[in-house]
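The values are calculated or read from the model by the stated rules, or taken from the named source; none is laboratory data. Just so you know, these numbers come straight off a predicted model, no measurement behind them. When we count neighbours, we look across all protein chains shown, and the Cβ atoms used for this are built from the backbone with ideal geometry, even at glycine.
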Ligand code: SF4
């Protein structure tokens, strides 16, 4: 169970085993930091330039992972058919911090639960 200062909910990471990648499917962007780009390209053993060309796109002035359209769903390019993250040890900061995002901090717990099965009352 993970608790974070300033948040009114906790996160049970065990729920990720049964969730089927809810946070990796659907609308939205996975934005990357410079460190993410270095870490993921190193993990994939490809150059930073190849990583950017193959797996990312520009969204205004930011860099985001691309999505794939599979069975009518938009899925993160790194979510595999078993609903596992192919880059889990080096997944982006945005993914590591979910569901403790500032944008969710003041939302009612029911709204956050709709996004993440692992969210529960502390
Ligand atoms: S990088 Fe991994 S954890 Fe992040 S959205 Fe893609 S599949 Fe999910």
(message) Based on this model, can you work out whether residue 58 counts as outside any loop (DSSP other than H, G, I, E, B) and closer than 27 Å to residue 113 by Cα?
(response) no
(request) Those residues that are without any contact (Cβ under 8 Å) to a residue 60 or more places away in the chain and either away from the ligand (no atom under 11 Å from the Cβ) or within 22 Å of residue 49 (Cβ to Cβ) (or both), I need them from segment 90-103; list them, please. (result) 90, 91, 101, 102, 103
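Does residue 69 qualify as being farther than 15 Å from residue 20 by Cβ, free of Cβ contacts under 8 Å to residues at least 60 places away in the same chain and exposed (fewer than 11 other Cβ atoms within 10 Å of the Cβ)? If you could, list the steps in order and put the result at the bottom.
Details: farther than 15 Å from residue 20 by Cβ: yes; free of Cβ contacts under 8 Å to residues at least 60 places away in the same chain: yes; exposed (fewer than 11 other Cβ atoms within 10 Å of the Cβ): yes.
It is true that residue 69 is farther than 15 Å from residue 20 by Cβ, free of Cβ contacts under 8 Å to residues at least 60 places away in the same chain and exposed (fewer than 11 other Cβ atoms within 10 Å of the Cβ).
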(request) Within segment 59-69, count every residue that is in contact with a strand residue (DSSP E or B) (Cβ under 8 Å, 6 or more places away or on another chain) and farther than 19 Å from residue 25 by Cα. (result) 1
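Using the structure shown, decide if residue 120 is away from the ligand (no atom under 15 Å from the Cβ) and surrounded by 12 or more Cβ atoms within 10 Å (Cβ to Cβ). If you could, list the steps in order and put the result at the bottom.
Details: away from the ligand (no atom under 15 Å from the Cβ): yes; surrounded by 12 or more Cβ atoms within 10 Å (Cβ to Cβ): yes.
Yes; evaluated as a whole, the condition is true for this residue.
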(message) Criterion first (out of contact with any helix residue (DSSP H, G or I) (no Cβ under 9 Å at 6 or more places or on another chain), modelled with pLDDT of 95 or more and in a strand (DSSP E or B)) does residue 96 satisfy it?
(response) no
(request) Within segment 75-84, work out how many residues are under 13 Å from the mean Cα position of the chain (by Cα) and within 17 Å of residue 54 (Cα to Cα). (result) 5
(request) Answer yes if at least one residue in segment 75-86 is modelled with pLDDT under 95, within 13 Å of the ligand (Cβ to nearest atom), touching a helix residue (DSSP H, G or I) at 6+ places or on another chain (Cβ under 8 Å) and assigned to a loop (DSSP other than H, G, I, E, B), and no otherwise. (result) yes
(message) Every residue in segment 61-74 that is in a strand (DSSP E or B) and more than 10 Å from the ligand (Cβ to nearest atom), please.
(response) 62, 63, 64, 68, 69, 70, 73, 74
(message) Give me the residue from segment 17-55 that is under 14 Å from residue 97 (Cα atoms), part of a helix (DSSP H, G or I) and out of contact with any strand residue (DSSP E or B) (no Cβ under 8 Å at 6 or more places or on another chain) and, out of that set, nearest to the ligand (Cβ to nearest atom).
(response) 23
(request) Output the number of the condition that residue 17 fails; it satisfies all remaining conditions of (1) in contact (Cβ under 8 Å) with a residue 40 or more places away in the chain; (2) closer than 27 Å to residue 121 by Cβ. (result) (1)
